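Please read the structure below before turning to the comments.
The values are calculated or read from the model by the stated rules, or taken from the named source; none is laboratory data. Note that this is a predicted model, so its numbers are computed, not measured. Using ideal geometry, Cβ is built from the backbone for each residue, glycine included, and neighbour counts are taken over all protein chains shown. Surface areas here come from the heavy atoms of the whole protein model, side chains and all, with no ligands, DNA or RNA. Shrake-Rupley method; radii C 1.70, N 1.55, O 1.52, S 1.80 Å.
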Amino acid sequence: MPRVPRRTSTILDPSRTPAAPPVVGAAFGDDWWRRGVVYQVYPRSFADSNDDGIGDLPGLIAKLDYLNDGTERSLGVDAIWLSPIHPSPGFDVGYDVADYDAIDPIFGTLDDFDRLIAEAHRRGIRVILDLVMNHTSSAHRWFEASRRDASGPYGDWYLWRDGVPDRFGRLRNPNNWTSFFGGSAWTWDEIRGQFYMHTFLPEQPDVNWRNPQVRAEMLAMVRRWLERGVDGFRLDVFNAFFKDAELLSNPRRFLGRRPYDRQVHRYDKDRPELVEFLAEFRALVDSFPDRMTVGELFSADPGLAPKLTAPRHLVFDFELLRQPWSASAFADASEKHEQRFDDDRWPTIVLSNHDRSRQASRLARGADAAASDAIARAAATLSLTLRGTPFLYYGEEIGARDVPVPWPEIIDPPARRGGRLIRLVVPWWNRDQARSPMPWGGGPNGGFSAARPWLRLAPDIGTRTVATQEGDPSSVLVAYRRLVWLRRRHPALQVGTYRRIVTTARDVLAYERVAEGETIAVAVNFGRAAATVRIRTGRKWTVIFDTHERGIPDVHADDQLTLQPREAIVLQAG
Ligand code: GLC
Ligand code: CA
């Protein structure tokens, strides 16, 4: 449940900002954003150091060796992206920031954060923060000041409008915009006597990006974190920052699942001013060496992603995330990536995140543990060998599945909004299901915490933990480790070109990656039956990874290669 807003006093003092500790021993230099693998940490659910049931920064620091200790016994990731760690009343579980310059005390202190940067950098791991700049929390001091004094210094920092009187003299919403989380995008504020706009919850008022002071203040904040040693940012819903200057009503659409989908979002996002702002933002980020950013595209049109992509600025397009488990669906999605992205517009590979169903549940619906894990291993092969920067979501590496949460325990605010019944009418997926505490093993509550965790644990924590998988060579975790390290050794898998290899087997997706004198082929059998393919090019291929670990001998051109059900292999041309 949302917590009581909290005041916080720890504002960053630039004169006290420590010198940013250098990244040492990283596998890649300033092109790490293309070659490296990013791992998303959902801090609340990752590791709990003080047994209060909530993950925290000291807990994360204690697990850095798991993420990358420089050896193949660890996962080997190059960067971590942290979902928001700033003070927040928690109406959107941290995506409602009340103070951009501080750390929420549930996660630790600024000293813990500095230690995280130093300890991560010591292991060659870069740290990416989540920047939620489209909106603040309604508990942010800017909003408090803005609602209390329309003519004061913060008066114009949010999108305030008078209501429109109807013929009975009642004040109506300024326009027809809807909130993504349901209801109108406008809420009446008694204190100010005006409506304010919110793309998400009423507790997440959108800031006025047309106000130069807002821009300057946000950029100053970004600079402070860069100076503190942060290696990059994920920009939350960045294409929603700018709204139409006149706040015109959106055209209607007749089809659409939710009210939000029944409008064409012409005026409440994707405005041309965004491009100019991005240039300013990028110039700031680029004034620090080796930094990167990734934008979350808040749009149903993945074709927008490449248009907003730039060197060292990636944009999630969620094309792959929408695909069912079939060779043709993944082939088409990869083909679209090829058409949309080139070398200067580098794609991302995203199969899961904190807003979506876990990939094993989505791709292996209703499957038993063995089939689910087989698909998880094959999906891992795709995420780590397709062309683009892979973003792995915590828990995917052990094949975690969605955890059903009964109604009284649901925390995700949009899922609760409107109550149990209205959810039948306005469907909203409960995002808690993909946010359950990480089962490390070897202790109470799956080894996550001695206290009852903030969110329900997976029903299979007795069998599915990091500890159980570590010792099992056929586990999902061991497959991820092998694949990440394989990718690290092979430039073709990092930056190589992509070309589909056409085979006659309907359930097999095969492709070639070529770079720096290396040729690598990947073949994934999506089906439940064995499938035979021929790789006609090359002279001799050596199998360098196999989800099934069968010890496949070298394959020659025109040799038949039979893939087992849900088997994925990686081959190198000799
Ligand atoms: C992004 C986040 C999501 C959040 C929303 C509002 O889509 O990923 O978790 O609810 O923005 O900040
Ligand atoms: Ca804790």
Q. In a shell of Cβ-Cβ distance under 13 Å around Arg252, excluding Arg252 itself, what net charge do Lys and Arg (+1) and Asp and Glu (-1) give?
A. +2
**Q.** In Hz, Karplus ³J(HN,Hα) per residue of the range 89-102 (6.51, -1.76, 1.60; θ = phi - 60°; x = Gly, Pro)
**A.** x, x, 5, 10, 6, x, 7, 10, 8, 9, 7, 5, 9, 10
Q. Rounded to the nearest whole Å², what accessible area per residue is found for the range 333-386 with the 1.4 Å probe?
A. 31
Q. Among Gly447, Gly59, Gln323, whose Cα lies farthest out toward the positive end of the dipole of the chain, if unit charges sit on the beta carbon of Lys, Arg (+1) and Asp, Glu (-1)?
A. Gln323
Q: Check each of the GluC sites (Glu not before Pro) in the range 249-336 and keep only those in coil by DSSP with at most 12 other C-beta atoms within 10 angstrom; list them in order.
A: none
Q: Evaluate 2.2 N^0.38 Å with N set to the residue count of the range 248-381, then give the Cα radius of gyration divided by it.
A: 1.25
(Q) If I model a spin label at Ala150 and Asp166 as a point 7 Å from the Cα along the Cα→Cβ vector, what separation in nanometres do I get? (A) 2.2
Q: Mind checking the per residue accessible area of the range 26-141 for me, 1.4 Å probe, whole number of Å²?
A: 24
Q) Roughly how big is the chain's charge dipole about its Cα centre, with Cβ charges of +1 (Lys, Arg) and -1 (Asp, Glu), in debye to the nearest 20? A) 1380
Q: List every residue whose amide H lies under 5 Å from the amide H of Arg172, counting only residues 5 or more places away in sequence or on a different chain, with H placed 1.01 Å from N in the peptide plane.
A: Val164, Asp166
Q) Based on the inverse mean of 1/r over its pairs of different Cα atoms, what is the Kirkwood hydrodynamic radius of the range 160-291, in Å? A) 16.7
Q | Listed residues Glu119, Glu72 arranged by accessible area, highest first, probe 1.4 Å | A | Glu72, Glu119
Q. Taking N as the number of residues in the range 260-299, what value does Rg over Cα atoms divided by 2.2 N^0.38 Å take?
A. 1.55
Q: Name the residue farthest towards the positive end of the dipole of the range 457-563 from the options Gly517, Ala458, His556, assuming +1 on Cβ of Lys and Arg, -1 on Cβ of Asp and Glu, about the Cα centre.
A: Gly517
Q) Could you give the dipole magnitude of the range 82-241 about its Cα centre, charging the beta-carbon of Lys and Arg +1 and that of Asp and Glu -1, in debye to the nearest 20? A) 420
(Q) Taking amide H atoms as placed 1.01 Å from N in the peptide plane, list the residues 5 or more away in sequence, or in a different chain, whose amide H sits under 5 Å from that of Thr519. (A) Ala573
Q | For the range 30-44, Karplus couplings with θ = phi - 60° (6.51, -1.76, 1.60), whole Hz, Gly/Pro x | A | 6, 9, 4, 5, 9, 8, x, 10, 9, 10, 8, 9, 9, x, 4
Q) trypsin sites (Lys or Arg not before Pro), restricted to the range 212-291: which are DSSP loop and have at most 15 other Cβ atoms within 10 Å? A) Arg253, Arg257, Arg266
Q | Stokes-Einstein D for the chain, Kirkwood Rh over Cα pairs, 10 °C, 1.306 mPa s (µm²/s) | A | 64
Q: Mind checking the full-extension length gain between Asn50 and Arg73? Use 0.36 nm per residue of separation minus the Cα-Cα distance, one decimal, nm.
A: 5.6 nm
Q. Tell me, how many Å apart are the Cα centres for the range 198-251 and for the range 497-574?
A. 45
**Q.** Residue-averaged [θ]222 nm for the chain, counting only DSSP H segments that reach four residues, each worth -39500 (n - 2.57)
**A.** -7000 deg cm²/dmol
Q. Distances over 18 Å make up what percent of all Cα-Cα pairs in the range 477-574?
A. 42
Q: Kindly rank 299-312, 429-442 from highest to lowest mean number of other beta carbons found within 10 Å of each residue.
A: 429-442, 299-312
(Q) Once you place label points 7 Å from the Cα toward the Cβ at Arg257 and Glu217, how far apart are they in nm? (A) 3.6
Q: Give the distance, in whole Å, between the Cα centre of the range 33-108 and the Cα centre of the range 356-395.
A: 21
Q: When a/c is below 1.5 the answer is rounded, else prolate if a/b is larger than b/c, else oblate, so apply that to the range 345-454 with a ≥ b ≥ c taken from the square roots of the Cα gyration tensor eigenvalues.
A: oblate
(Q) Highest mean first, how do 383-389, 351-357, 462-468 rank when packing is the count of other Cβ atoms within 10 Å averaged over residues? (A) 383-389, 351-357, 462-468
Q | Distance histogram for the range 79-225 (every C-alpha pair counted, 10 angstrom bins, percent rounded to whole numbers) | A | 11, 36, 30, 15, 6, 2, 0
Q: Using a 1.4 angstrom probe on heavy atoms only, work out the carbon and sulfur share of the accessible area of the range 446-574 in %.
A: 49
Q.
I'd like to compare 179-190, 121-132: which one has the highest average count of other Cβ atoms within 10 Å, and what's the full order after that?
A. 121-132, 179-190
Q: Can you work out the accessible area per residue across the range 390-504, with the rest of the protein chains kept in place, probe 1.4 Å, in square angstrom?
A: 40
Q. Tell me, what ³J(HN,Hα) does each residue in the range 251-267 have, in order and in whole Hz, if you take phi through Karplus 6.51 cos²θ - 1.76 cosθ + 1.60 with θ = phi - 60° and put x for Gly and Pro?
A. x, 8, 10, 8, 9, x, 6, 10, x, 4, 7, 8, 9, 8, 7, 6, 10
Q: Between Asp31 and Ala369, with labels modelled 7 Å along Cα→Cβ, what's the label distance in nm to one decimal, could you check?
A: 4.3
(Q) If amide hydrogens are placed 1.01 Å from N in the peptide plane, which non-local residues have theirs closer than 5 Å to the one on Val41? (A) Trp81, Leu82, Ser83
Q.
Rounded, prolate or oblate, given the Cα gyration tensor of the range 19-141, with a/c below 1.5 counting as rounded?
A. prolate
Q: Quick one: dipole size for the range 40-147, taken about the Cα centre, charges +1 on Lys/Arg Cβ and -1 on Asp/Glu Cβ, in debye to the nearest 20.
A: 260
Q | Furthest towards positive pole of dipole, His140, Tyr154, Tyr42, structure part the range 31-189, Cβ charges | A | Tyr154
Q: May I ask you to derive the relative contact order of the chain, considering only C-alpha pairs under 8 Å and at least 6 residues apart, and to give it as an integer percent?
A: 13
Q: Calculate what fraction, in whole %, of the accessible area of the range 170-296 sits on carbon and sulfur atoms when a 1.4 Å probe is rolled over the protein chains.
A: 52
Q: Please work out the Cα center distance from the range 276-301 to the range 122-170, rounded to the nearest Å.
A: 21
